[in-house]
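Written out below as structure tokens is the structure these notes cover.
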Amino acid sequence: MNRKIGLVSFIVLFAFSISTVQADGYGTDEETEKLRGQIEEVQRQLIRMQEQLAELEAERDEVRREREEARERLALVEEAAVEDEDGIDFGGAVRLNYAWRDYDDQNKDRFGDFELELFRINVSGSVGDVLLDAEWRRYNDFQAIHHAWVGYNFSDELQMQLGITQVPFGILPYPSHSFWFTGNYYLGYEDDYDTGIKFIHNPNDDWTFHYAFFKNPEYANDARADRYSFDLVTGGDQFNTETNQLNFRAERHLTFSEDSNMNLGLSLQAGQIYNRATEKNGDRWAVMGHMDSYFGPWNLRLQAMRYNYNPENPEGVSDDFVQKGAFAFPFLMASEANVYTYSLSRSFNVDWGPITWANCYNEGTFIDPRVSNSDESIQSVTGCSVAAGGVFAYFDWIAGKNMWFAGGDGIGRDAGTAGKWRSRLNINIGYYF
């Protein structure tokens, strides 16, 4: 635009110059002076126009800069909106299971059974600042909720979970590597889910604390054995149900090197037992110490626990055993015992066709009941798990003595199978998506 103004000025001045020359040659002095005055006035006007145009150009450049800055701010806002956008992720799994049991003659005659074991749906994510996480499972004979909670992060150090959430007890999330878990799972002290509120506190890299209150198990219907977690269930002459449970868990994190670390923890649990027949509350408690250590590809896990149930049973019902249930089966277990578990495993990065990872383990549980008419229960699991893309498979050999789900008639009972070892081969193949 400045070039255009300069060109116009040049043309006008050139024209007036010619006029001036002509006036010098043919006009009077008075006319010449008048023309010169007009030329000077035109020049002044052109200068003012140039100044005004320069100001307009500066204003236009400022508007352009502001517009570009606004566009950049809008792009940042849109990017932040995308990053903070609410999102719910859906996933799930389909699992097939092969089982061969040496204590089931018909199963042995068929050389085992291979069937659909599980179909599950997972939902997780956030809406605004509220976290969501839930899982529903369908087994062969029943369906059950696994967990379902809403949460909120008060800060980077403190999270709250409300709903059906995992009970903070022992090594988390699992103290075992096998599909079968340790014996603590069947006692109700491993991967247990109840309904209540939980706080997870990480004040620094050295400590993790859990505080929780659970009103009742995941189902308030205590007659329902169709559930994933093992809880007190009613039936027969057993009328006890779990209520008003408090949990505290503390874990210290130790790091020795880049691939060597150890977690040491203490878990406390206490609650009431409501008896529907006597309408009285008994009490229960459990305490556990644990160690979870990694040395390169090796992992050693140790746990020691003492638990005790003091129900208010009707007269004639023994206090030495309480009834728990899950997977549609209720059973009796010793109301007081010491429990010891270990898990030793080694992981491998491999390149076997589609298989990229494997983990082999041996895990054991020893349950020492402290009541009358009882006997020890033992469980041992040896196996390997492998990963291939979305497929994860377990190959386990389970041996048990007086152990529920391994040929026993409960846990800690002095029953007909107490002194006999039973075993089963279990292969579980799951596709996780």
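The values are calculated or read from the model by the stated rules, or taken from the named source; none is laboratory data. Keep in mind it's a predicted model, so treat the numbers as computed, not measured. So basically every Cβ, Gly included, is an ideal-geometry build from the backbone, and we count neighbours across all protein chains shown.
Quick notes on this structure:
- Of all residues in the range 101-136 being surrounded by 14 or more Cβ atoms within 10 Å (Cβ to Cβ) and of a type in the set (Lys, Arg), the one that is farthest from Gly151 (Cα to Cα): Arg101
- Verdict on Asp156 being outside any loop (DSSP other than H, G, I, E, B) and acidic (Asp, Glu): no
- Output for the range 214-224, where each listed residue is buried (at least 22 other Cβ atoms within 10 Å of the Cβ) and either within 24 Å of the chain's Cα centre (by Cα) or not acidic (Asp, Glu) (or both): Phe214, Pro217, Glu218
- Residues (hydroxyl-bearing (Ser, Thr, Tyr) and under 17 Å from Phe395 (Cβ atoms)) located in the range 95-129: Tyr98
- Condition met for Ile171 (among the β-branched types (Val, Ile, Thr), assigned to a strand (DSSP E or B) and either assigned by TED's automatic domain parsing to the domain that holds Ala399 or touching a strand residue (DSSP E or B) at 6+ places or on another chain (Cβ under 9 Å) (or both)): no
- The range 296-315, residues that are more than 15 Å from Tyr342 (Cβ to Cβ) and either of a type in the set (Lys, Arg) or in contact (Cβ under 8 Å) with a residue 12 or more places away in the chain (or both): Gly296, Pro297, Arg306, Tyr307, Asn308, Tyr309, Asn310, Pro311, Glu312, Asn313, Pro314
- Every residue from the range 410-432 that is assigned to a loop (DSSP other than H, G, I, E, B) and of a type outside the set (Gly, Ala, Ser): Asp414, Thr417, Lys420
- Across the range 215-255, the number of residues qualifying as of a type in the set (Lys, Arg), over 15 Å from Ile273 (Cα atoms) and part of a strand (DSSP E or B) comes to 2.
- When the range 192-213 is filtered for residues that are among the hydroxyl-bearing types (Ser, Thr, Tyr) and crowded, with 22+ Cβ neighbours inside 10 Å, only Tyr193 remains.
- Test: residue in the range 380-388 that is surrounded by fewer than 16 Cβ atoms within 10 Å (Cβ to Cβ) and more than 27 Å from the chain's Cα centre (by Cα): yes
- Residue in the range 180-194 that is hydrophobic (A, V, I, L, M, F, W, C), closer than 29 Å to Phe366 by Cβ, touching a residue at least 60 places away in the same chain (Cβ under 8 Å) and touching a strand residue (DSSP E or B) at 6+ places or on another chain (Cβ under 7 Å) present: yes
- Single match in Ala334, Ala388, Ala418 (criterion: at negative phi and without any contact (Cβ under 8 Å) to a residue 40 or more places away in the chain): Ala388
- Residues satisfying the stated conditions in the range 304-333, i.e. in contact with a Phe, Trp or Tyr (Cβ under 6 Å, 6 or more places away or on another chain) and not in a loop (DSSP other than H, G, I, E, B): Ala304, Asn308, Val322, Lys324, Ala326, Phe331, Leu332
- Number of positions in the range 290-320 that are within 24 Å of Tyr193 (Cβ to Cβ) and surrounded by 19 or more Cβ atoms within 10 Å (Cβ to Cβ): 8
- Filtering Thr241, Thr234 for residues that are crowded, with 17+ Cβ neighbours inside 10 Å, among the hydroxyl-bearing types (Ser, Thr, Tyr), touching a strand residue (DSSP E or B) at 6+ places or on another chain (Cβ under 7 Å) and without any contact (Cβ under 8 Å) to a residue 60 or more places away in the chain leaves a single hit, Thr241.
- Near pairs, Cβ below 6 angstrom, 6+ apart or cross-chain, from the range 90-102 (closer than 26 Å to Ser126 by Cβ) to any residue that is of a type in the set (Gly, Ala, Ser): Ala93/Gly430
- Members of the range 414-433 that are farther than 23 Å from Phe392 by Cα and either hydrophobic (A, V, I, L, M, F, W, C) or modelled with pLDDT under 95 (or both): Asp414, Ala415, Gly416, Thr417, Ala418, Gly419, Lys420, Trp421
- Test: residue in the range 367-379 that is within 31 Å of the chain's Cα centre (by Cα) and either aliphatic (A, V, I, L, M) or modelled with pLDDT of 95 or more (or both): yes
- Test: residue in the range 399-419 that is over 26 Å from Leu232 (Cα atoms) and crowded, with 17+ Cβ neighbours inside 10 Å: no
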